[in-house]
Amino acid sequence: MFKKILVANRGEIAARIMRTARRLGVRTVAVFSEADRGALHVRSADEARLIGPAPARESYLSIERILAAAKDSGADAIHPGYGFLAENADFAEACAKAGIVFIGPPPAAIRAMGSKSEAKAIMDKAGVATVPGYHGEDQDEERLAREAARIGFPVLIKPSAGGGGKGMRRVDGASEFAAALAGARREALSSFGDDRVLIERYLDRPRHVEMQVFADAHGRVVHLFERDCSVQRRHQKVIEEAPAPGVGPELRARMGAAAVAATRAIGYQGAGTIEFLLEPDGRFYFMEMNTRLQVEHPVTEMITGLDLVEWQLLVARGEALPLAQDRIECSGHAIEARIYAEDPARDFLPGSGTVAHLRWPETGPDFRIDAGVEAGDAVSIHYDPLIAKVIAWGRDRAGAIERLARGLRGIQAVGPATNLDFLGAMLAHPVFTSGAVDIGYIDRHYRELVSQGPAGPEAVAMASLYLLLRRAEDADRNAAASTDPTSPWHRPVGFHLNIEPEDTLRFQAAGQDLVVGVRYRGGGYLFSTPDGPVEAHGGMAEGDGAASNLIAQVGGRDRHATVVGRDRSLVVFMDGRRYEFVLAGPRLAATLDESPAGGLVAPMPGKVVQVHVRAGEAVKRGQALMVLEAMKMEHAIVAPGDGVVRAVRFKEGDMVPEGAELLSLE
Ligand code: ADP
């Protein structure tokens, strides 16, 4: 086995590769950019090398710097993970030249499959069906238009060098063709530096079903069954499962044979994936081959009990595949969900920033988490916003769904918005549970999947209780610090002798104003919520980091919740759900750590595009003070209360990191 490997990647996949290496007694070297100092993958390695600044071009995509790190650390092989340099034939060649093993296929196979057109030509020759279309060299506009008409509309224009769903255009009729072609070419050129395209018939509601293949240097080729990756947004996968629902032994055998034939046709070695589009009538077409480990490989590991990274290392060492085709078994069902820092309600807008609170449920043989970050780590604007993958196994599909849903409910995340609720909604959605998904599933059911139920009275009571307990803690602290600790003026809320004290709490939840009346009853409270009165009392137990554990009696029942309060937001985790409340009153900053007192901080890294106020100016609550542009959206920074601007820390055009104090108020 190798003595030491360098992992030329970051995030969850780097950490996952290192786990297998450690189990096999192979030492690991991480590489990292300046944005990833101390990142999880760096902490997971035996040693680590800085390879450059945050932009991938200058770090994770720099062949020269990665090879220098490999030589410097004495690594005998490089695992590229997925993305970055994983499908770069020049990199594979450069490794060989430097005397370092590239854990992946031969450069020629990467090249052949790197162009969708060339790949399709090879498959046509090998007798593997491709989507009816045109993938010729002649890129003349008139020729392409003629081919589109021959194929029959609707057609799909795809960049030959494409990936990640970029640059693809659906064209419904001849009159739209020229404009769509121009758009596809522009995007292909800017994304891949190559404006060649191919044209395919646009299939109506196919499923994306792919076969995992493996080949060794001794001519042995096997497949490890299929994965269904039809659940996609923007042509990118979100949920993957194995085996594919509705694929029986006969179809599986046909797809497996086609995948093995395709793999043989290019003299492949290592792990690869043959992607097919599957039509309802059982016809399937080769789409492309990914010459690397896939993001969704864990579902295959779960149903076969094999470690695909271990197999990659064995093949790269020149050893034979450990199992023949008839010894590879499929047991039960596995589903993976990708947890992204993104906001499904805003068309899956990617997010970034520090993950202030992150708690994972327990894992085991039927529930796996491949995480790229831990609490306190940042999701960087420079890379893919994947936080983690969670994978569940069940005896059957229903069991896997149930286990995954339970696992997802146990995850608590506060920081950038995530798709956790969206994933939960999907796992409970009747079309998904029936298994009748195709590539248009998310688009068709988007509204149902993003609409969130309002917080119930118990969650509202928990949020209110938390707020009052925090206030009481503050009042106690202030009282202890003052000269007269018994003074009634330190009581946190409207204190009057002889009458039942009352108070009102104002929040925003799910975009709605929420007013909660508070009456003090014995040792607890009576909250009047929009859904009726709830009695509650309880206390705060020790939490971890930014989180507090709340143990309470709510509506006569013992309830537990974890609450994370930061700035003006309160996130309540209860019964496997997440409820977010925004304080309409003064922010929690005075009470809670994080933000500098009196300062307004950047909620995410971005650029200052407008400054509306000057030092010394009086401002009113809710007034916009500054506008920040981040992730292609504008965010107004508003005054949390009436006051005077003490200092403005940035000017228009400045770039600001997350958490930077933008202005201070008095
Ligand atoms: P990329 O390499 O950019 O990811 P792919 O060729 O793998 O592009 O296609 C990505 C997705 O686009 C597929 O999973 C499928 O959802 C959709 N797609 C691709 N080709 C077609 C087609 N001919 N008809 C309909 N949808 C398609």
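The values are calculated or read from the model by the stated rules, or taken from the named source; none is laboratory data. Computed from a predicted model, the values in this text were never measured in an experiment. Positions of Cβ are backbone-derived with ideal geometry, glycine not excepted, and every protein chain shown enters the neighbour counts. SASA here: full protein model, heavy atoms, side chains in, ligands and nucleic acids out. Shrake-Rupley method; radii C 1.70, N 1.55, O 1.52, S 1.80 Å.
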Self-check item: Per-residue SASA entry for W360, accessible area with 1.4 Å probe, Å² rounded to 10
Solution: 70 Å²
Quiz item: Over segment 295-384, what percent of the accessible surface lies on carbon and sulfur atoms, probe 1.4 Å?
Solution: 46 percent
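Once you order the gyration tensor axes a ≥ b ≥ c over the Cα atoms, which shape class does segment 3-63 get: rounded for a/c under 1.5, otherwise prolate or oblate by comparing a/b with b/c?
In terms of gyration-tensor shape, prolate.
Once you sort the root eigenvalues of the Cα gyration tensor of segment 207-450 as a ≥ b ≥ c, which label holds: rounded (a/c under 1.5), prolate (a/b larger than b/c) or oblate (the other case)? Mind showing how you got there, number by number?
Numbers: a/c = 1.80, a/b = 1.46, b/c = 1.24.
Prolate is the answer for segment 207-450, as a/c is 1.5 or above and a/b outweighs b/c.
For an R0 of 45 angstrom, estimate the FRET efficiency from the Cβ-Cβ distance between H537 and D347 and round to the nearest 0.05.
On the way: r = 43 Å, r/R0 = 0.94.
The computed FRET efficiency comes out at 0.60.
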Quiz item: For segment 398-449 and segment 367-385, what is the separation of their Cα centres, given in Å?
Solution: 19 Å
Exercise. With a ≥ b ≥ c taken as the square roots of the eigenvalues of the C-alpha gyration tensor of the chain, please select rounded if a/c is under 1.5 and otherwise prolate if a/b is larger than b/c or oblate if it is not?
Key: prolate
Quiz item: So what is the 222 nm mean residue ellipticity for the chain from helices alone, if each DSSP H run of at least 4 adds -39500 (n - 2.57) and you divide by all residues, rounding to the nearest 500 deg cm²/dmol?
Solution: -8500 deg cm²/dmol
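Which order do D326, D531 take when ranked by solvent-accessible area (1.4 Å probe, heavy atoms of all protein chains), largest first? Let's see the in-between values first.
On the way: D326 130, D531 105 Å².
So, going from the largest accessible area down, we get D326, D531.
Excluding V572 itself, what net charge comes from residues whose Cβ is under 15 Å from its Cβ, given Lys and Arg +1 and Asp and Glu -1? List each step's numbers first, then the result.
Numbers: positive: R359, R409, R470, R559, R566, R568, R577, R578; negative: D421, E458, D575, E580.
Here the charged neighbours net out to +4.
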Quiz item: Where in segment 1-91 are there trypsin sites (Lys or Arg not before Pro) that are in a DSSP coil and have at most 13 other Cβ atoms within 10 angstrom of their Cβ?
Solution: K3, R37
Quiz item: Based on DSSP H assignment, which helices of the chain show an axial Cα extent of at least 30 Å together with a mean Kyte-Doolittle hydropathy greater than or equal to -1.0?
Solution: 457-481
Self-check item: Cα→Cβ-extended label distance, 7 Å offset, between A68 and A253, nm
Solution: 5.6 nm
Exercise. Give the accessible surface of the chain per residue, rounded to a whole number of Å², with probe radius 1.4 Å and ligands, DNA and RNA excluded.
Key: 43 Å²
Quiz item: Can you list the lysines whose alpha carbon sits under 20 Å from that of K237, skipping same-chain ones fewer than 8 residues off?
Solution: K116, K158, K166, K389
Self-check item: Rough spin-label spacing in nm, given labels placed 7 Å along Cα→Cβ, for E402 and A149
Solution: 5.8 nm
Exercise. List, in order, the whole-Hz ³J(HN,Hα) value for each residue of segment 370-375 obtained from phi through the Karplus relation with A = 6.51, B = -1.76, C = 1.60 and θ = phi - 60°; use x for Gly and Pro.
Key: 10, 9, x, 9, 10, 3
Quiz prompt | Potential extension, A481-A647 segment - 0.36 nm per residue separation minus Cα distance | solution = 56.8 nm
